[in-house]
Every structure is written in C-alpha cells, then in structure tokens.
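The values are calculated or read from the model by the stated rules, or taken from the named source; none is laboratory data. Predicted model only: the values in this text are computed from it and were never measured. Cβ atoms come from the backbone with ideal geometry, glycine included; neighbour counts cover every protein chain shown. For the accessible areas, the whole protein counts, side chains as well, though only heavy atoms, and no ligand, DNA or RNA atoms are used. Shrake-Rupley method; radii C 1.70, N 1.55, O 1.52, S 1.80 Å.
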Protein chains: 2
Amino acid sequence: MSTKHTAKCECSQLQRHRCKFQPVLPAILQKGPAFVKPKFGKATKSVADQAAVKRIFPNTYGLPEITFVKGANSAVAKKAVRVGVVLSGGQAPGGHNVIGGLLDGLKKANPKNKLFGFLGGPSGIVENKWVEITPALMKDYRNTGGFDLIQSGRTKIETDEQLKAAKDNLIANKMDALVVVGGDDSNTNACVIAEYLKQQGVDISVIGVPKTIDGDLKNKQIETSFGFDTATKIYAELVGNICRDVNSARKYWHFIRLMGRSASHITLEVAFKTHPNAVLIGEEVLAKKMTLGQIVDNLAQLIAKRAKAGKNYGVVLVPEGLIEFIPEMKELISALNDSLADNEAELSKMNTVAEKKAFILSKLPAKLADLMRSLPEGIASQLMLDRDPHGNVQVSLIETEKLLVEMIRTKLAEMKKAGKYNGKFAAITHFFGYEGRCGVPSTFDANYTYALGYNAAVLALNKCSGYLSSVRKLTKKAQDWECGGIPLTMMMNIERRKGKEKPVIKKALVELKGEPFKHLAKNRDLWAVEDLYVFPGPIQYFGPAEITDMTTYTLLLEQGKKVK
Amino acid sequence: MSTKHTAKCECSQLQRHRCKFQPVLPAILQKGPAFVKPKFGKATKSVADQAAVKRIFPNTYGLPEITFVKGANSAVAKKAVRVGVVLSGGQAPGGHNVIGGLLDGLKKANPKNKLFGFLGGPSGIVENKWVEITPALMKDYRNTGGFDLIQSGRTKIETDEQLKAAKDNLIANKMDALVVVGGDDSNTNACVIAEYLKQQGVDISVIGVPKTIDGDLKNKQIETSFGFDTATKIYAELVGNICRDVNSARKYWHFIRLMGRSASHITLEVAFKTHPNAVLIGEEVLAKKMTLGQIVDNLAQLIAKRAKAGKNYGVVLVPEGLIEFIPEMKELISALNDSLADNEAELSKMNTVAEKKAFILSKLPAKLADLMRSLPEGIASQLMLDRDPHGNVQVSLIETEKLLVEMIRTKLAEMKKAGKYNGKFAAITHFFGYEGRCGVPSTFDANYTYALGYNAAVLALNKCSGYLSSVRKLTKKAQDWECGGIPLTMMMNIERRKGKEKPVIKKALVELKGEPFKHLAKNRDLWAVEDLYVFPGPIQYFGPAEITDMTTYTLLLEQGKKVK
C-alpha cells in the first residue's frame, strides 16, 4: 500500500543551502556501480560463540568480506531493480543522506531502478506502508537532519508472523533488496531477515547501514557509526558554551549528563573537544568496581581542591548510563526488582512512602540497605515507585546529574564540619540528548552517510545479502575512503537478553586500553585543576576545511593519529 | 592595583578563525573619532515620573540626544586619555567585542590612549582591581563569547562608601571615563555613578552599553540589547533540532523552558524561528489574567485535538518567568511568604511536610488554598521548603515545564475518563539558558558590539557623561548604521523595589499591541495543528550573507519589515 507523502516544511535559509550541497563520493564509487567490482576476501567467523552463531545463521554465516575495486560490471545495470529502505531505532544525523546516496547509486546504475521507503520503521514492512522515494521528493531532504522523510520505529521483525508478513510484502512489491539503517539491534534484526529469506529460498538481499549517535556500533571494519560525529559536535558546542560561562561567572559547578546509555563514547569525545574538569566514564567505573560513594568522594575532593585555589566552579561530564555501570547500584536495582515483585501484595496495603521504604529496607541485604539509605530521598522514592510496565525500576528516569549533586552537597557539608572544605558549592544541572539526534549533519556525516547509502546500492546491485555497508579509512579525505561490505554475522556473539540466549552484534564499549581512553587518562589531571577549557562553537558548513571537515578525536586516536 | 592577566586558553579552530574576523564598522565611524562630531538634539525628558527622576539626577537629567555626524574634531585626539571598562551582570555574547571596539576607537584617536578593564564586575572598581587591555591581550578575545577576559559581577555601586571608593579609585588611576556594559539595572547604576561624580565635581564621564540576552532593555532609540541575537539563534538551533526529532519520532511532547524571567522576548523570537505547536507568553497571561488551571486546560485541549488527528506529539515553549506572570500564582507566593514568616515558630515545631502543608493550607484564603492543593505534590513542597536567605519562596527554582507536564497529565487522565481524550501523552522537558549566554557572537552581534564599543569611545572622547551608547537602524547593513548617545535618564521611571521608590530604566516587556506579538497571534493557530516546524540549524560565520547576516524577526517586525 503506497501512502501519499504529505511532508510540509518551511525551509530555513541554512536548510535551503544545504539541500544543494553535493557530498564528496569516494573515488571508487564516482563512476557508478557499473564500474565497480566486489573483491571477496576469505570466509569470516563471528567474533565469539562461532558454533552457536553458525547454527542460528546457517545461510549467512561465514560470508567473505567484500572490498570494492575498479572494474567493468555492466551486469548490475541491465535489469531494473526495486529496493526498499527502512530507518530503524533512534534518529541520527545523516539518515536522509543514506537514502539520498542509495537513490543516486540506484539511478546511476539504471534510471529505471526504483527506491521505496517503508514508513515508520520496520513495522512499515510488516504493515506494507511505503512511499516511493523519487528524486523530486528527495530534493528537500538532502543533507538535512531528522528521519522525517519516512520516520523510524523500534519494532523488531522477529516472530514467525512478522517474518512471513515481511517476506510476503517484499515479494508482493517485487523488491530485489531491502536496506536496513539502524544500530546494533536493528542490524542484528537485518541479519535475521536476511537469513530467513535465504532459508525460504527468496532471492531478496538484505543490507545493513551502521547508525547510532552513541558510537557503540563499531569494530575494525566499521570505523564509526553515522551520527556520532554530528551529535558530539552539537553537545560539544553546548558544553563549550557552558565552560566559557563557568570561566566568566566563576561561581557555579555545572553537572552535564550526556546521552549514551550502554557506552560512554559520547562523553569521552565531548571531553576531548572541551576539556572539562571531571569526566566520568562508565566503563572505568565498572572495571574498577567503583561504588557510588567513591565517585561522590572523588568529586567532592576535586571540588575541595579547586576551592582551595579559589575556584568554586567547574564542569563535570556524566554519561547517561553511569548508574548501570556501578556494580553495587546494579545489584541494588536487581534486588529491588525482585523484592518489589515478591512483596507486591503486602506493599499494596501500605499507604505511605515511608512505610514502604522501611519495609523494603528490611528485606534488602544489609549492604544494599545501607546504599539505599545513602541515596537522596527523592531518588530512593523514585526507585521504589516509578516502575515500567514489566514492574521494573526505571533506571533511565534517574537524573544521575542531580543525584550526584545532592550527594556531593551532603558530603561537602560533612567535610566543612571537619574543617576539610571551605568553599561555596552552587550547582546547575543539564541533560543533553534529544538536542543532538536530529541536527543538520556535519560535512563528515553528510559525506559518510551519502557514501554508505551509495555503497549499499552497489552491494544490493551485486546481490550481496547479510552484509553491512562499510566505508573505511575515514580519517583520510572523503575521495580516498575505501568501500565494501562486512558480513553481519562476523560481528555477532551470543548474549543473554530477557532471560534468553540471543545472537547479537557485540556492542563496542570504551576500551580502557584503547588510545581514546588513554588520552583522557593522560590529560584529565591537568584539566581538573587548570582551566584549559576549549570552546568549539557550532558546526560550520561553509568556510575553511580545517573547521568544516574536522572529524572526531575518537577516530583520530583509534587510527593512531596524533592529537593535541 | 593592577592584576596580572593569567588567562590560558586552548583555542578551537573556529575561535582561531573568528579572532581574525574584522567587524564592519558603521561608515560614520570608519575614519576614526577625529572625524566625527556630536550633533545635539533637544533636551530630553524621562519616560515617566519626570519630576522625581529630575530630583534624583539634577546633573544628568534632561541632556540632549546625540547623533554623530561627519566633521573634523581633532580636539579629541590631542590629549592622551585613560578609560576604564567594566562588565556587569549576566554574560551575553559580544561583551569582548565591546571592549575590542572601545580599544580600537581609543587607539585610533591617539595611540597613547589607554584602556583598563576592571575585574569581576563593578566590585573591581570599588576594590581597585584591574588589568590594562593592550592590543596583544585583546587579540585572542576578539569575536569570542564569554566575559572571561575580565569577568563580570553583580555588585551595585550604591552606598556612600561604595560610591566614594569608586570615585577615589577612578581618580587615583587618573581615569577620564568609565564604560559600564550591562542590563537595565547596571545602566541605572551607571547613571547613579555619573550623577555622583558630577555632583562631586569630578570630571570623569560615565557611559553605558546596552547588554542582555533577555532583550528587555530597548526602546525607540536603543533598538536591541546585544546578545539577544546570538542567544536566540542558539536556543532556536536546539528547539529546531527537537522539532525535527518530534517530527521524526512522532511520539513525544517536548516542553521547553527558555531563559528570560522578566520578559518573554526570547520565547517569542525562538517561536518565530521554529514554529512550535504552542507558545506561552508571560505578558499575555498577565494581561488576560489567566489562571494556572486555564493554561493547563488550553494545553490539554490542544493535545487532545492533535491526538484526534493521530498526532501524539508536539513542542511547547515556556518562558522562564511564566509563574510570576500568573496573577493567582503571584498572590499565592506572596501569601506564602507572609504566612511562612508569621508562623515560623509554630512551623518549626512540626516534623513532617504533610503537617506543615495542612497547617499552611488552613491559614491561606480559600481560593489560594485550592490553588495550592491543585499543584503537584513536589512543587507544593518546594514552595514551602526551598526559601532564599530572606525567607522568600524561591520562584526561580520552580521547574515550570515539569509543573505543566504533571498538571496536564492529571487533566488528560480526567478527560480520558470522560471520553474526551483518547491519545498517548509521553513528555520530555528541557531548560535552555546557560547554553546561550556565552556562545560565539553571531556576525550581527559581533558587528553590533564592536560598533557599540567604538561608539562608546567616541562618546568618552567627547566627554559625554550619563549616556548610553546607541547604534541604530539595525535592520540595515552594518555600514549604514547610525551612531550616537541617548541620555540614561531619558529611559527612567520610578518603581517600587524592595519596598523603596527607586529610579530605574524601564524594562521593555512584550507589547501585546506590538508587531512581534501580533505576528505570533496571527500564526499560532496554524502552527498548533499543522506541523510547520522550521529547523534553523547552528549559527554560521562563513558562507552566504543571507545565512550569516540574518538578524532577529523581532527587530524586523518592530521596524515594520515584512517577514514570512
């Protein structure tokens, strides 16, 4: 069922100009799909649990890596094809350009090729809702942020009914390929669909494109997911502005929580761009088994140290997922989930929060009860009262930055009594997340996503299925990037999710032995006491290349480049 | 006492480039102060309370307006002068450029002229803390955000001791003029100092420069205060990104509170730039004597209306000062302040919040007690518990956007029961303020502040005291701007502050009969139901002039220009 596209948009001046920007295509793709040949590498293995992953993906396991090389390949241009594209999961800057690159790659191979966008995420495939992406429709969306062209959704195509419906609709619409733009979960799902179609003997390729602002979908072949560059630049603009405010007003501590629940890459990258006084990295907290009390103590010590130097101000970055990285908090939350479930009947008879709290405290192991008592009143109540539809504590609702401020305030008051602190502590908190998911893509992300989309078209035309679109050597200029495909199964391992063993693409966390974290570790003591704030300012789309084309410190460091 | 300047700064690429940007000076100033002559207009009157203002400012009242015209004026170049500058109040983008323009104007007149920056706001004058602003020191701060070159502060120079200390220090440092960069209060204070010095027979000019991101320091002669342009562009970038996210995800309502406590100009301007679904304007709430309940009802009706059209999403802008514009809330807060003070002894004996609340409710008039009962629990407690050092309720701590969401949720639940609403309401809240105070000044603000500073130098060299630096015709190109000075007393009236009659510069609120508000009134019904979001993107410093040189819709509308 085709749906009429009703997007209205009053364009801003910047948008009008960005729509005309022509992304730089890697040289290998510039002549079009008919001049590119896949070069196949050796058969691949999954990063872990090979036997199990192979059992689940008998038809898509072990595929060879693909690198595109120059060569006549007119076969791909002969028959007109129909390709579907779907955006899955949270927004990331550049999604529209993936679609633009895909469209241009397909049209370049054969002007009769057609692209269709499934609406509202994977459910659009199951429910057969789509719109044809014509060049005219695409025009106003090139190089823009957001996913509003076809929207997104979080449905996974997993049940037999969903898989069958998807297959039937893809066949009914005479699709030759499906491109799934998503994060680790969505690309795992892309592989499930690819496997299912092969198993059913259906000749429709499924290709993934790596998207997530969180930066946790990456490995040796996928150097970064798209959106990370733009989002971290937007957050860094804001954090930099706050650093400058701090350095001007000299009277506040700003505690800034940044999006990124499973990994702390965003926080790390923003720290490189701005040099705040303290940076919490979830992966370090976990590795060092730090307690909440230790984190609070460390920050209170830093605040006291700076106060001694007359500096009652500073900036602290906190990753969204911090709470879940603290081992004892994880234990507490898990114990609370059990305890709340086990004692539901009794709790429901109690009228006051105080009564409930006393009861729950009596049920917890002493260590966890102490931890619960150490939490600010509001947070402790929230942990008991705000529960999701499954009855679980809603960790994502915890405003970690406020929790830290309250606990630090208490700690500093103790230190003051003991004569160990004699400053003023006034704190302001922030959370930045939604502000960065739909920004106008940076030049890097505009080029990268366009290349990823164009490259996905080439993979589709070559009937590669179960692959992730891969554009590499990203610290070089865009024309020198390498292109190809990586088998999705190669990145998988088996993890326990909701009590079941599941094959999933392994999340890339911040590696404590990796160059990015080592760079932080080397510099953070200096940033803590000196005020070496950097003010990056807003993303620029015009002007000197050293401003517009900058990529992330994370990528530079990971690829062994020197950074200041 | 001179203080060594120890600013360290690791410059970002953008900063490095912006430092080299040469602002466009109005043509009249381009040849330098020696080629500009003041043309004096007629004697002026204060906007209100003329007799009282004249009584308080006998020496600075009634001065003529000044317009600068071409003409040889070599007298200003003869004797080397020493000028002090101070930044007062909250940060606003462009403060550094005021200092840069001032420095360049002074040096152009006579290279031996010297500029000194008093440190940490007006207290730097009283405590005699300053640094010489040399061209070398200025270099890295040109066209940058923040006030970190000399910082700012909120001290007012009001007591006899403070005024005397300021006078003594200005004399000891052989100052010829003092330039005060600040908002309405700081410029009122500048006039107090100007008057005091004249009255003491001290020949030191005092000149003000209009600064505040809030946009509430303006009138016919002062078309806008600096910083408003940049700050609203930064907030609009973020609000636009959220609009795009809303339009992509289509599942959340975002409630965004924007800085601006006394006036709603920022909210209005950001609405023009982004077209959100609902915009609250404090001045309208006051004029229509709206109750909190009505505001909540209106928003709930809108949410229900959109839900009927399948749109369970939207964006609402809320000005920071909303609560204080709602007449009944003002009454409640005032009654609470009295009641808490009158019953302090009894309240201190009570142990629980519930007990205190019941007691306070029994003391309030029935209407206000009902209002108090209608507030979410957390807010009601906050109103009773969080009090400032004077014992007053801390209105500024109220997170109005969360208050609205909670009350709307309750209202929608009632409507659902009554069969009048059948949607989903998931809300996310934001507050943007500190993010915009120290951004890199827009091209408009960079030019405007540089001109204001340069123009202040010309006023100082012409020994004009009690004037505000005035640069006009701001919707024209920068080279066509007009320059001059406006007597500070002209903008004053008498207001009751902390129980005393005080002369103050009249705050410019959003006028319901003004063009900007009328533009909102004309368009908001359409924005409410259709999704006509605009995504302005980040401030650009390079590229097409229609992007870089855009000024505010507020200014265009106020000057009778057509806008879309």
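For chain B, the longest principal axis of the Cα atoms and the long axis of helix B:443-461 meet at an angle of about 40 degrees. For segment B:169-186, 3J(HN,Hα) computed residue by residue from phi via the Karplus equation (6.51, -1.76, 1.60; θ = phi - 60°) reads 5, 5, 5, 4, 8, 6, 6, 9, 7, 10, 10, 10, 9, x, x, 4, 5, 5 Hz, glycine and proline entered as x.
Across chain A, C-alpha contacts under 8 Å between residues 6 or more apart give a mean separation that, scaled by the residue count, equals a relative contact order of 23 percent.
Just counting partner chain Cβ atoms within 10 Å, what average do the residues of peptide A:522-531 show around their Cβ?
So the per-residue partner count for this stretch is 1.
When the P(r) is computed for chain B, the part past 44 Å accounts for 23% of the Cα-Cα pairs. Taking the DSSP bridge list for chain B and keeping only pairs wholly inside it, about 40 percent are antiparallel. Distant-in-sequence amide contacts of B:Gly208, defined by a placed amide H-H separation under 5 Å and a gap of 5 or more residues or a different chain, comprise B:Val180, B:Tyr467, B:Leu468, B:Ser469.
A simple packing score, the average count of other Cβ atoms within 10 Å per residue, orders the peptides A:97-107, A:53-63 as A:97-107, A:53-63, with the highest score first.
Each of B:Asn455, B:Asn422, B:Thr475 was scored by the projection of its Cα onto the charge dipole of segment B:401-554, and the greatest displacement toward the positive side belongs to B:Asn422; charges sit on the C-beta of Lys, Arg, Asp and Glu. Other residues within the sphere of radius under 12 Å centred on the Cβ of B:Lys518, judged by their own Cβ, net out at -1 (K and R +1, D and E -1). Shielding by partners for peptide B:232-245, expressed as the average number of C-beta atoms from other protein chains within 10 Å of each residue's C-beta, is 6. In the assembly of identical copies, B:Pro58 has its label point, taken 7 Å from Cα in the direction of the beta carbon, separated from the corresponding points by 10.5 nm (ascending, one decimal). Across segment B:33-86, the volume of the C-alpha convex hull divided among the residues equals 130 Å³ per residue. Segment B:269-309 and segment A:175-201 have Cα centres spaced 44 Å apart. Of all aspartates and glutamates in the structure, those lying under 13 Å Cα to Cα from A:Lys251, and not within fewer than 8 positions of it along the same chain, are B:Asp148.
Compared with the dominant Cα axis of chain B, that is its longest principal axis, helix B:95-109 is turned about 10°.
What percent antiparallel are the DSSP beta bridges of the protein assembly as shown, to the nearest 5? About 40 percent, rounded to the nearest 5. The aspartates and glutamates whose alpha-carbon is closer than 14 Å to the alpha-carbon of B:Lys42, local same-chain residues fewer than 8 away aside, are B:Glu65. Close amide-amide hydrogen proximity is noted between A:Arg257 and A:Val318, A:His430, A:Phe431, A:Phe432, each under 5 Å apart and 5 or more residues distant or on a separate chain (H modeled in the peptide plane; Pro and chain starts excluded). 3J(HN,Hα) along segment B:226-239, derived from phi through the Karplus expression 6.51 cos²θ - 1.76 cosθ + 1.60 where θ = phi - 60°, amounts to 7, x, 4, 4, 5, 4, 5, 5, 5, 4, 5, 4, 5, 5 Hz, with x in place of Gly and Pro. Dividing the summed helix terms, -39500 (n - 2.57) for each DSSP H run of n ≥ 4, by the number of residues in chain A produces a 222 nm estimate of -13000 deg cm²/dmol to the nearest 500.
Split the accessible area of the protein assembly as shown by element, probe 1.4 Å, and carbon with sulfur accounts for 52%.
Rg and Dmax over the alpha-carbon atoms of segment B:322-394 stand at 11.4, 34 Å.
Probing with 1.4 Å while keeping every protein chain in the model, the per residue accessible area of segment A:322-394 equals 51 Å².
Based on the alpha-carbon gyration tensor of the protein assembly as shown and its eigenvalue square roots a ≥ b ≥ c, which shape applies: rounded if a/c is under 1.5, prolate if not and a/b is larger than b/c, or oblate? Prolate.
Name the residue from B:Ile360, B:Met384, B:Leu336 whose Cα lies farthest towards the positive end of the charge dipole of segment B:322-394, charges +1 on Cβ of Lys and Arg and -1 on Cβ of Asp and Glu. Among B:Ile360, B:Met384, B:Leu336, the one farthest towards the positive end of the dipole of segment B:322-394 is B:Ile360. Which FRET efficiency, nearest 0.05, do A:Lys562 and A:Asp525 yield, Cβ-Cβ r, R0 22 Å? For A:Lys562 and A:Asp525, the calculated efficiency is 0.60. Comparing the full protein assembly with the isolated chain (1.4 Å probe, heavy atoms, ligands and nucleic acids excluded), the residues of segment B:436-465 losing at least 50 square angstrom of accessible area are B:Cys438. The B-A contact accounts for roughly 5200 square angstrom of buried accessible surface, both chains included, probe 1.4 angstrom.
For Cα pairs less than 8 Å apart in space and 6+ apart in sequence, what is the mean separation divided by the residue count of segment B:322-394, i.e. the relative contact order in percent?
For segment B:322-394, the relative contact order is 33 percent.
In the structure displayed, which of B:Lys211/B:Lys402; A:Lys174/B:Lys305; A:Lys114/A:Lys477; B:Lys220/B:Lys411; A:Lys305/B:Lys164; B:Lys233/B:Lys311 lie more than 32 Å apart, Cα to Cα?
A:Lys174/B:Lys305; B:Lys220/B:Lys411; A:Lys305/B:Lys164
Partner chain Cβ atoms within 10 Å, averaged over the residues of A:85-94 - can you pull that number for me? The mean count of partner-chain Cβ atoms within 10 Å per residue comes to 1. Within segment B:59-75, what residues put their amide N at less than 18 Å from the label point 7 Å along the Cα-to-Cβ vector of B:Lys476? From segment B:59-75, the list is B:66-71.
Comment: the Cα-to-Cβ extended label point of B:Asp338, at 7 Å, lies 5.7 nm from its counterparts in the other copies, nearest first. Annotation note: trypsin sites (Lys or Arg not before Pro) in segment B:492-542 located in DSSP loop regions with a Cβ neighbour count of at most 11 within 10 Å are B:Lys498, B:Lys513.
Computed from the alpha carbon atoms alone, the convex hull of segment A:445-564 holds 179 Å³ per residue. Around the amide H of A:Phe226, modelled in the peptide plane, lie the amide H atoms of A:Lys211, A:Thr212, all under 5 Å away and 5 or more residues distant in sequence or on another chain. In order along segment A:110-117, the phi-based Karplus estimate (6.51 cos²θ - 1.76 cosθ + 1.60, θ = phi - 60°) of 3J(HN,Hα) comes to 7, x, 7, 4, 10, 10, 10, x Hz; Gly and Pro are listed as x. Pairs over the 18 Å Cα-Cα cut-off, from the set B:Lys218/B:Lys522; A:Lys288/A:Lys564; A:Lys417/B:Lys349; A:Lys522/A:Lys561: B:Lys218/B:Lys522; A:Lys288/A:Lys564; A:Lys417/B:Lys349.
Helix A:353-363 and the longest principal axis of the Cα set of chain A meet at an angle near 90°. With the simple model of a label 7 Å out from the Cα in the direction of the Cβ, B:Ala52 to A:Arg16 spans 4.9 nm.
Between A:Glu127 and B:Ala366, the FRET efficiency from the beta-carbon distance, with R0 = 41 Å, is close to 0.15.
Across the identical copies, the label point of B:Asp525 (7 Å from Cα in the Cβ direction) is separated from its matches by 6.7 nm, in order from shortest.
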